[in-house]
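The values are calculated or read from the model by the stated rules, or taken from the named source; none is laboratory data. Because the structure is a prediction, the values reported are computed rather than measured. Cβ placement follows ideal geometry from the backbone for every residue including glycine, while neighbour counts extend to all protein chains displayed. Only protein heavy atoms, including side chains, enter the accessible area calculation; ligands, DNA and RNA are left aside. Shrake-Rupley method; radii C 1.70, N 1.55, O 1.52, S 1.80 Å.
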Amino acid sequence: MSKRKAKSLSDTPSIKNRRVESEDSQREDTVDERDSLKFNDLSIAPTGSGDIGVIESITVKNFMCHHLLGPFQFGPHVNFIVGNNGSGKSAILTALIVGLGGKATTTNRGVSLKGFVKHGESTADITVKLRNRGPDAYKREVYGECISIEQRISSDGVRTCRLKSKSGHLVSNKKEEMTAILDHFNIQVDNPVSILNQEMSKQFLHSKSESDKYKFFMKATLLEQMKRDYIHIKHTKAMTREQVERQEECLKDLKQEFLQKKERYENLSTLGEIKTVLEDLKKKMAWCLVREKERIVEQLQEDVELEESIHKHKENLQLCQEKVSQAEEKLRDNQQNLDSLRAEEESLSEDRLKLKGEKKTKNKAHKEQEVVYIRAQNKLKQSEKEQSLLQERIDKAKNIGSQNSEAEAEHTKRLQKISTLKEQLEKLEKELPELNQGIKDKQQALFKGKEELDKLRLEEKNIQVSFEVKLKRKNQLLASRSNKLKRFGDHIPDLLDTIDKAHSKGRFIKKPIGPIGACINLKDPMLAVAVESCLRSFMKTFCCDNYKDESVLQELMSLYFSKGSRPQIIVSPFTERVYKTQGRGVKHPDYPSVLDSLIISSPIITNCLIDMRGIESILIIKEKSAARKVMQQGTPPRNCREAFTVEGDQVYPNRYYTAEYSMAKYLGGDLETELRMVESELENHTAQLSRFKLHLGSVKEDIQHMEGRLHSNIMALKKTLALVNQVKASLTELENVEEEQIDDISSLEEVAQENNQKIESEKQTVHESKEVLDKHAKAVMDIDKQYSDMRARLDQLAEEMDPLKEEQAKMEAECSKHERNLSVLESKLKGHQDNIQAMRMELASKEEEMKEYVAKAKEISQERQDVNRSAKSIDTEITRLRKRISVQESSHGDQEQVVREYAEALTNYRDKSNQVRDLKKFIDRLDNIMSDRQNRYKMMRRSLSVRCKLYFNNFLFKMSCCGSMMFDHNNETLSISVKPPGRENDSMSDMRSLSGGERSFSTVCFILSLWEITESPFRCLDEFDVYMDMHNRRISLDLLLELSERQHLRQFIFITPLTTSNLPKSSHIKIHHLQDPERERSHTGEEGSD
């Protein structure tokens, strides 16, 4: 029996609570069969075909210190592996153990599989091929006649297994499949009987403990595994017995519960009478309700008849309709009179519009003719004036002869005056450039002075504004000593209180959050300026979930802020989960992002800043040089849009902006330090303002002096220009005076005659224009008279229509009044009819309801019950009986529930009783089975130990030695004593007194004894003859070969460093010679001896 089969027996599930007797007997028979099979497997080797489990070949690559070994083609019988130390003999045996799934500790060559990988390589490969022939082959249709097991070990100790068929097809890579194959072939790689390596042999030879030898024997014969299985079964049986005892305790409780349920079941009959009375009351209650419904229906029928008998609403409606008809007839008569007047008025209005247009045309023609008349008059006057001047010239020409001498004297005087004026003009023109240059210089000086004054005023204004800002900041800081929210504005605390009150009143769907700056904190206070420079206006911003809340918040803000100075509001749906920024956020090993630098209590604020500002993609870099290097010298970090320095400077990949302020306004940590700094700045601003006022006073005085001097120069320039113009005018007048020449009198008289004719013609034109103008004036007067008469008639019509309109309004009001009354009466009549209809509908509903009550009552009781009681008294009686029934049912339970619980308790009690009885029977039967198995186990152990003694003595006898093996199964010890030839009478017979070769031979004898009594498809023995002399080695080899002939269906693999030249030639023996390690060759030679 294999080790794995033994484990499968020990891992059987725990015994179930309920078993039938037939199952118990089957289990006992099965256990007996397995026990007998196990005894047969260990005691007598079966007569199989020997075609399964034999190792056909082994190949290793990069294993231990070898690059390549194999493939080794093993024979089916005896195989010798011969080679010097380091040639790979033990590596083959180790590879066989590891290749068949053994642990590293089983090989005694290491503690981890990764130690078997050759140095410098990543993996090691082992291939073991097992024969799979005959009728007992494992899945022959899948694997064929050979199963190839390929193991690959990685440098980190991970092992992968692949199971292939003979053709190389991959069948499985599961460990369970390989375990099934080894179980089927009865291969135990950790059993020293199958594979005995050199280290285990040494431990056995040098072991001083007799208990270790006994354990070796027990492990080799699998008795130890069988013993552990029996111990496990005993433990399971003890646990089952404890479970039975607990079940017996539970059975007592179940019996007590069953008796209680039975008692309650028997007490149920007393409720029958009460329930019968309750049923009678329910019948009376049903017909009592029917009687009440009938009374309601009768009352409704009387009300409907009474309402139908009322006719006053119709009479009032007819009277009101007659009044409406009379009022409408009067209104129509008045409307006809008014319409006739309106028609006349409309006709006159149209004529008036036409006349007005004609009047406008006439007035325009009159004005145009008046212009023609005036022009003719002006032209006549001009001609008469020219004629008068011409006559003067004629008269002057006649008198010119007597005045020639006086003209020459006047001409000389005029020339002298012209010379004087030219000298004066030249002098004045020389003064003009000097005056202009002086004015220009003074204007420039005045401009510079005013420019300096403007600059000073601007600086003074900036300082004043800064002073006011600092003063306001100081007041905020002082106020924030008691309330930090005042840093964000004096009205922010009041606004937040108002928001809380509005939220408590339900005005907000979700309460707004803000300001944002109050909801964030800094991990590093030094980054306050950088964070404020980044967020800027968002520090005072509020967040709303929807636009309705935003409008309410705007209304609340208007109480404290003007329209242009309100905090910003961001509307975005609130979410309680922070956005995932793994794919879009910036990650830098040295510098944090703004998101990483903040401690934000609300995920809503975090999401808002991610959406609106992208804080996950903005870095904060303290040093300016480092910021420029990261952002502008090379490619910026992935997902990074911008960065800020600790001073607040903003850095882009292609530009750089300096911060507007150097102190944190909202996130500053030390309030007192900031307050002292603000007070110091206020003192500096006060001193600067004083200095600026003094400087401004001096600059203003200088400007006034410059303006006075500039004014004096301008006035002097004006006087000089006036003199220049006056001189020039005089010169022009004098130069233009020419000597009058004597004109031709005859030609002038001819021109005068022509002018007289022209004047007569123009007088005629004026007269004609006057006549046309008079005609136009008469036409205008006529049309004005017509227009006035039409206006008078329209006014008369308006006076006649006013009384009619007043009468019309009165009649319309009266008619509207009657119509309203008519509408009221109609609504009353309709209401009366609707009321009757509603009452009829209610009556029909009550009749239907009464029919339903009658139907329900008939369901409860077919015969009508005579009821003299009210529904209320019957309901009170029903409630009393129900309470009484409820009290009794609460003490005894509901009838159905009591019956059900009684049946369940009875079933549980019977099932548990049967279960406990079955378990007791099974435990008793298991005690008998285990007692029988223990006896068989002792018999088998005694049989194996006796057989092992006989085989051991037989093998020692062949060496002419004597010895003994003493088994003490009670104390679990095994003592082996050996006496070499010639020392039979020595008192010391322990194996430690033997030589190395003798101990090795004794070990071989012991192993051969175990081989005789155990089963395995192959046997491996590593360096069994390393300490033997040639005599002992020859005897050992003879014993091994003799055993291999007797067990010709088993495979034997012997590893030895010594020569094999003295082995007999046989087709059953195959010798594998390994090359020496100095040759540095990666393959081995194989040599078979015939």
Keeping all protein chains in position, work out how much accessible area residue 457 exposes to a 1.4 Å probe, and write it in Å² to the nearest 10. 110
Paramagnetic reach from residue 793 in the stretch 348-387 [backbone N under 11 Å; point 7 Å along Cα→Cβ]: 348-352
Counting only pairs 8 or more places apart or on different chains, how many lysine pairs in the stretch 578-717 have C-alpha atoms closer than 20 Å? 4
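Working out 0.36 nm times the residue gap between residue 370 and residue 295, then minus their Cα-Cα distance, what length gain in nm do you get to one decimal?
Numbers: separation 75, 0.36 × 75 = 27.00 nm, distance 10.69 nm.
Difference between extended and current length: 16.3 nm.
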Cα-Cα over 27 Å, subset of 367/763; 175/215; 118/219: 175/215; 118/219
Between residue 252 and residue 923, what FRET efficiency comes out of the Förster formula 1/(1 + (r/R0)^6) with R0 = 22 Å and r the beta carbon distance, rounded to 0.05? 0.65
3J(HN,Hα) from dihedral phi, the stretch 682-696, Karplus parametrisation 6.51/-1.76/1.60, rounded to Hz, x for glycine, proline: 5, 4, 4, 5, 4, 5, 5, 4, 4, 4, 5, 5, 4, 5, 4
Could you give the spread of the C-alpha atoms of the stretch 410-539 along their three principal axes, from largest to smallest, in whole angstroms? 112, 39, 26
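Within the set 114/164; 61/1070; 486/523; 448/474, which residue pairs have Cα atoms separated by over 30 Å? List each step's numbers first, then the result.
On the way: 114/164 24 Å; 61/1070 23 Å; 486/523 22 Å; 448/474 38 Å.
As for pairs spanning more than 30 Å Cα to Cα, those are 448/474.
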Average accessible surface area per residue within the stretch 700-836, 1.4 Å rolling probe, Å²: 71
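Sorted by accessible area (1.4 Å probe), largest first, how do 453, 353 line up? Could the numbers behind the result be given before it?
Working: 453 15, 353 110 Å².
These residues rank, largest area first, as 353, 453.
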Which order, highest average first, do 800-811, 118-129, 539-550, 72-83 follow once you tally other Cβ atoms within 10 Å for each residue and take the mean per peptide? 72-83, 539-550, 118-129, 800-811
Just to confirm the filter: which GluC sites (Glu not before Pro) across the stretch 569-663 are DSSP coil and have at most 16 other Cβ within 10 angstrom of their Cβ? 576, 623, 647, 660
On a straight-distance basis, which lysines could pair with residue 830 in a cross-link, Cα separation under 19 angstrom, same-chain partners fewer than 8 positions away excluded? 312, 314
Working out 0.36 nm times the residue gap between residue 903 and residue 521, then minus their Cα-Cα distance, what length gain in nm do you get to one decimal? 130.6 nm
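Which peptide among 1067-1073, 824-830 comes first, and what is the full order, when sorted by highest mean count of other Cβ atoms within 10 Å? Could the numbers behind the result be given before it?
Values: 1067-1073: 17.6, 824-830: 14.0.
Peptide ranking by packing, descending: 1067-1073, 824-830.
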Keeping all protein chains in place and using 1.4 angstrom, which order do 329, 460 fall into by accessible surface area, from largest down? 329, 460
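On a 1.4 Å probe surface of the protein chains, which of 882, 414 comes out largest in accessible area, and what is the full order? Before the final figure, lay out the partial values.
On the way: 882 135, 414 35 Å².
Order by accessible area, largest first: 882, 414.
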Efficiency by 1/(1 + (r/R0)^6): what FRET value for residue 111 and residue 146, r their Cβ-Cβ distance, R0 = 22 Å, to the nearest 0.05? 0.10
Interchain or long-range residues, amide H under 5 Å from residue 52's placed H: 133
Full-extension gain in nm, residue 602 to residue 973, via 0.36 nm per residue minus C-alpha separation: 126.0 nm
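Please report the orientation-averaged projected area of the stretch 219-262, defined via the convex hull of its C-alpha atoms, in nm². Walk me through the intermediate numbers first.
Values: hull surface 12.1 nm².
For the Cα atoms of the stretch 219-262, the hull's average projected area reads 3.0 nm².
Mind ranking 603-615, 91-103, 514-526 by how tightly packed they are, going by the mean number of other C-beta atoms within 10 angstrom, highest first? Intermediate values should be presented prior to the final figure.
Details: 603-615: 19.7, 91-103: 22.5, 514-526: 18.2.
Going by the mean number of other Cβ atoms within 10 Å, highest first, we get 91-103, 603-615, 514-526.
Can you give the FRET efficiency to the nearest 0.05 for residue 720 and residue 700, using r as the Cβ-Cβ distance and R₀ = 30 Å? Don't skip to the answer; put the middle values down first.
Details: r = 31 Å, r/R0 = 1.02.
Calculated transfer efficiency: 0.45.
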Hz values of 3J(HN,Hα) by residue in the stretch 434-439 - Karplus curve (6.51, -1.76, 1.60), Gly and Pro given as x: 4, 5, 4, 5, x, 5
Share of accessible surface on carbon and sulfur in the stretch 513-653, whole %, 1.4 Å probe and ligands ignored, is 51
